[in-house]
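Here, each number is a calculation from the coordinates, and none is a lab measurement. Computed from a predicted model, the values in this text were never measured in an experiment. Positions of Cβ are generated from backbone atoms using ideal geometry, with glycine treated the same way; all protein chains shown enter the neighbour counts.
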Amino acid sequence: MPCDPGGDIVHVSGTAPLAPDGSTACPGDAYGQTKRCFEIIEAAVRELGGTLSHIVRTRLYLTRLDAWPEVARAHGELFGSIQPAATALAVSGLIRSDWLVEIEAEAIITQD
């Protein structure tokens, strides 16, 4: 039997650390890139009537495993109390060689 989550499902995919003006300039460290990706994700979810608390899953694609502590710190700052399901994957590369992280998120936006 299908599961009805009781809200609108939003998928935010392929979020890269782009600058606010849409240029490919991005912070040079994994923490800054992760924060920027989450700013983009939060804006997308808010545009559809949700908040960070509606995010139920994140997927983090990392090009360097040694960057994991920085990525986890940024993730924890936003989602420490929300605790969405989270997966981190090591990948050999992303579209741009200076991108250290790319993030996907899923939200279920309910009308509270």
Legend entry - Condition broken by residue 61, with the remaining ones in (1) aromatic (Phe, Trp, Tyr); (2) surrounded by fewer than 17 Cβ atoms within 10 Å (Cβ to Cβ); (3) under 20 Å from residue 11 (Cβ atoms) satisfied: (2)
Inset, instruction - Run residue 86 past the list (1) surrounded by 14 or more Cβ atoms within 10 Å (Cβ to Cβ); (2) touching a strand residue (DSSP E or B) at 6+ places or on another chain (Cβ under 6 Å); (3) touching a residue at least 40 places away in the same chain (Cβ under 8 Å); (4) of a type in the set (A, V, I, L, M) and report the number of the one that doesn't hold. - result: (3)
Inset, instruction - Name, by its number, the condition in (1) under 11 Å from the mean Cα position of the chain (by Cα); (2) of a type in the set (Phe, Trp, Tyr); (3) outside any helix (DSSP H, G or I) that does not hold for residue 38. - result: (3)
Inset, instruction - Return only the number of the condition from (1) within 17 Å of residue 109 (Cβ to Cβ); (2) under 9 Å from the mean Cα position of the chain (by Cα) that residue 44 does not satisfy. - result: (2)
Legend entry - Failed item, numbered, when residue 33 is tested on (1) out of contact with any helix residue (DSSP H, G or I) (no Cβ under 7 Å at 6 or more places or on another chain); (2) of a type outside the set (A, V, I, L, M, F, W, C); (3) surrounded by fewer than 18 Cβ atoms within 10 Å (Cβ to Cβ); (4) part of a helix (DSSP H, G or I): (3)
Legend entry - Cross-chain or 6+ apart pairs with Cβ under 7 Å, segment 32-60 first and closer than 19 Å to residue 91 by Cα, then of a type in the set (Lys, Arg) and part of a helix (DSSP H, G or I): none
